[in-house]
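A.B. asks: This is the structure I have questions about; it appears just below.
The values are calculated or read from the model by the stated rules, or taken from the named source; none is laboratory data. Source: prediction; values computed, not measured. Counting neighbours? That spans all protein chains shown, and the Cβs are built from the backbone with ideal geometry, glycine included.
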Amino acid sequence: MIEHGSGAKTGSGANSVAGDGAAADDNILVVRDLHVSYATRSGPVAAVRGISFVVPRGKIVAIVGESGSGKSTTSQALIRRLASGGRIDSGSIEFEGRDLGPMSERELRSIRGGRIGFVPQDPSKSLNPLMRVGDQIAEALRLHLKLDKAAAATEAVRILAEVGLPDPDARATQFPHELSGGMRQRVLIGIAWACNPQLVIADEPTSALDVTVQRHVLDNIDELVRRHNTSVVLVTHDLAVAADRADYVAVMSNGEIVEQGTTEQVLSSPTHEYTKKLVESAPGLASRRLTPSLTALGEQQQSSAGKLFTHTRPAQPAGSATASGAIPAHSGADAAGATNILEVSNLVKTFALRRQGGGSQVLRAVDDVSFVVPRGSTFSIVGESGSGKTTTARIAARIASADSGTVSFDGTDVTSLSGEALRQLRRRVQVVYQNPFGSLDPKMSIEKIIAEPLRAFRVGDRTHRAEVARELLEHVSLSPSLAQRRPTELSGGQRQRVAIARSLAIGPELIVLDEPVSALDVSVQEQILQLLVDLQVQFGLSYLFISHDLGVIRQISDHIAVMRSGKVLEAGTAHDVLANPQHEYTRELLAAIPGQRAV
């Protein structure tokens, strides 16, 4: 970023603007000492604390930070559209030399949409579900450019083509629910750029998208910046995305800008500890396979799992890795020759979809899928939304049934289990879901949530269950003092740790993890992934790990299967699939991992 007459890079903890000496006229946006707070029952709470930065013309400035850092509040303040209770306490926001602070709402309406575009995070909440998408773009054109109805409709189709929607004439007549998530996000980008704005603010525009769709959407933004010389403020939690796309980066934490400069400066020589943590945590920037921590290896040697699961795990077959209470060391090479904990063969699952105008269509969600999970290893299935990976995982965990094919657990065919036999399988196979807030009962204490499987299987008395719950809190690196809190009182990362602790309570051998980190900030993602690696060693666990992100997959996997349209396109060891992908789709997924341009 650029300071008027300054050439110094902002250091650790700085809140001033970094720069290289460009003239003030080169900056389309100048933010000085901005303070924003929200009114609460206990008084005002500061959300943004005296930040300053500039946006040069025709450049992309990324504001990076985790949930609660103040980055989204900053983006909303820039267009004076704060959430209820929010207010700008002091500071200035100058756009093209004019301070937006004193402007009336009428003056601001003439600037928003016309000269400043905004791309929100969630298209499902930002697009009118009752209006065709072409009409929504045309509305902005008629309002700001004063085009007549016919001209606006024609221009809307051209804009849909410009943002990369196939068959734009047909798409213009569709409603938002008839488009995919990526298509809806492109419509929002089209609305933001419709009136050739000088500045566009994009608030997490791709966080809900698959990595390949994310890349195409961001490519779209890059192209529009180049074609129209638009300036962009890109708000994101992912430093790897900023590394690929931004000219300048400002890193926010606790409402402050702790470091800023050119993207190359911030990535190659970060000075603030928080920035260093983000760089190390970003899946696209940190490509290493995570290894067990020394603490986990120490606990393995003490057979902590055997102690914890003495009264919960069913007896193991003779010769199994955990028969004597010893916990096998985690190793992809060792696991390859071990007994398979799970085998699925030729799974097929179909769904009947109703078509407009009557009739139905058969969707083959899982199409002849086969794989094995070696005991003590992590087998990952990667694919985009609709690939069939979650349906496959649900069948493998016997939460859903296949139309045909078999599921074998520990050498026993469990495909047709029902009643008590299926219930007992639940002791050995547990599931951790993507959204812990949705899977944890908000009315229950953390202690009761973790102990719930023990109560269900009548393991121990109340005192014993409370003891196990508190011990498991420590195993997932949470304080036992949290035992009496409710899920709403915990952060997203803490809730996911509770969900993992609950899955461990009954002493499972296989845990199915369905997108367990996709809703978390990148540094919290790495903490949860490291936790899973450590727990695998401590408790001799096997994992079936589901994700859409190969950047995450390569941090935890021993074996990988790549799925698309219900089929496994490629499978093998993690090293083989990642280092030498055979299928074009796998190569596309690898190329879409953000952060590679900076490596």
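A.B. asks: Taking the options GLU384, GLU420, name whichever one is in a loop (DSSP other than H, G, I, E, B), farther than 30 Å from ARG486 by Cα and charged (D, E, K, R). Reasoning before the result, please.
C.D. replies: Numbers: GLU420 fails: in a loop (DSSP other than H, G, I, E, B).
When all the criteria are applied, what remains is GLU384.
A.B. asks: While we're looking at this one, here's another question. Mind listing just one residue for me: the one in the range 197-243 that is surrounded by fewer than 21 Cβ atoms within 10 Å (Cβ to Cβ) and under 19 Å from SER523 (Cβ atoms) and, of those, farthest from the chain's Cα centre (by Cα)?
C.D. replies: GLU204
A.B. asks: Could I ask something else about it? What's the number of the only condition in (1) on the phi > 0 side of the Ramachandran plot; (2) among the charged types (D, E, K, R); (3) out of contact with any strand residue (DSSP E or B) (no Cβ under 7 Å at 6 or more places or on another chain); (4) touching a residue at least 12 places away in the same chain (Cβ under 8 Å) that ARG458 fails to meet?
C.D. replies: (4)
A.B. asks: Ok, one more. Run GLY438 past the list (1) of a type in the set (Gly, Ala, Ser); (2) in a loop (DSSP other than H, G, I, E, B); (3) surrounded by fewer than 22 Cβ atoms within 10 Å (Cβ to Cβ) and report the number of the one that doesn't hold.
C.D. replies: Among (1) of a type in the set (Gly, Ala, Ser); (2) in a loop (DSSP other than H, G, I, E, B); (3) surrounded by fewer than 22 Cβ atoms within 10 Å (Cβ to Cβ), GLY438 violates only (2).
A.B. asks: Which of (1) of a type outside the set (Ser, Thr, Tyr); (2) surrounded by fewer than 15 Cβ atoms within 10 Å (Cβ to Cβ); (3) modelled with pLDDT of 50 or more is the odd one out, the single condition GLY11 does not satisfy?
C.D. replies: (3)
A.B. asks: How about the range 542-599: which of its residues are among the polar types (S, T, N, Q) and either closer than 16 Å to VAL372 by Cα or modelled with pLDDT of 90 or more (or both)?
C.D. replies: Kept after step one, since they are among the polar types (S, T, N, Q), are these residues of the range 542-599: 542, 547, 555, 557, 565, 573, 580, 582, 586, 596.
The answer is SER542, SER547, GLN555, SER557, SER565, THR573, ASN580, GLN582, THR586.
A.B. asks: Of a type in the set (Gly, Ala, Ser), under 22 Å from GLU105 (Cα atoms) and assigned to a loop (DSSP other than H, G, I, E, B): does that describe SER84?
C.D. replies: Numbers: of a type in the set (Gly, Ala, Ser): yes; under 22 Å from GLU105 (Cα atoms): yes; assigned to a loop (DSSP other than H, G, I, E, B): yes.
Yes: the conditions hold for SER84.
A.B. asks: Could you list all residues from the range 559-588 that are farther than 19 Å from ALA397 by Cβ and touching a Gly at 6+ places or on another chain (Cβ under 6 Å)?
C.D. replies: ARG564
A.B. asks: Still on this model: Given the range 123-178, what helices (runs of 4 or more DSSP H) lie entirely inside it while holding 3 or more residues that are surrounded by fewer than 16 Cβ atoms within 10 Å (Cβ to Cβ) and without any contact (Cβ under 8 Å) to a residue 24 or more places away in the chain?
C.D. replies: Counting at least 3 such residues, we get 149-162.
A.B. asks: Keeping to the range 240-259, report how many residues are in contact with a Phe, Trp or Tyr (Cβ under 6 Å, 6 or more places away or on another chain) and farther than 15 Å from GLU66 by Cα. Before you say what the answer is, go through the steps one by one.
C.D. replies: Applying the first criterion (in contact with a Phe, Trp or Tyr (Cβ under 6 Å, 6 or more places away or on another chain)) to the range 240-259 yields 250, 253, 258.
Okay, now just the ones that are also farther than 15 Å from GLU66 by Cα, so none.
Final tally of qualifying residues: 0.
A.B. asks: Continuing with the same structure: Just give me the residues in the range 397-414 being in contact with a Lys or Arg (Cβ under 8 Å, 6 or more places away or on another chain), of a type in the set (Val, Ile, Thr) and in a loop (DSSP other than H, G, I, E, B), in sequence order.
C.D. replies: VAL414
A.B. asks: Moving on. Could we say that ALA46 is within 30 Å of SER523 (Cβ to Cβ) and crowded, with 21+ Cβ neighbours inside 10 Å here? Step through it out loud before you land on a result.
C.D. replies: Numbers: within 30 Å of SER523 (Cβ to Cβ): yes; crowded, with 21+ Cβ neighbours inside 10 Å: no.
Considered against the rule, which asks whether it is within 30 Å of SER523 (Cβ to Cβ) and crowded, with 21+ Cβ neighbours inside 10 Å, ALA46 comes out as no.
A.B. asks: To continue, here is another question. Would you call ASP403 within 26 Å of THR212 (Cβ to Cβ), modelled with pLDDT of 95 or more and surrounded by fewer than 20 Cβ atoms within 10 Å (Cβ to Cβ)? Please lay out each step first, then the result.
C.D. replies: Numbers: within 26 Å of THR212 (Cβ to Cβ): no; modelled with pLDDT of 95 or more: yes; surrounded by fewer than 20 Cβ atoms within 10 Å (Cβ to Cβ): yes.
Criteria not met by ASP403.
A.B. asks: Still on this model: Quick check on PRO581: is it surrounded by fewer than 24 Cβ atoms within 10 Å (Cβ to Cβ), outside any helix (DSSP H, G or I), without any contact (Cβ under 8 Å) to a residue 24 or more places away in the chain and more than 20 Å from the chain's Cα centre (by Cα)? Can you show your working first?
C.D. replies: Numbers: surrounded by fewer than 24 Cβ atoms within 10 Å (Cβ to Cβ): yes; outside any helix (DSSP H, G or I): yes; without any contact (Cβ under 8 Å) to a residue 24 or more places away in the chain: yes; more than 20 Å from the chain's Cα centre (by Cα): yes.
It is true that PRO581 is surrounded by fewer than 24 Cβ atoms within 10 Å (Cβ to Cβ), outside any helix (DSSP H, G or I), without any contact (Cβ under 8 Å) to a residue 24 or more places away in the chain and more than 20 Å from the chain's Cα centre (by Cα).
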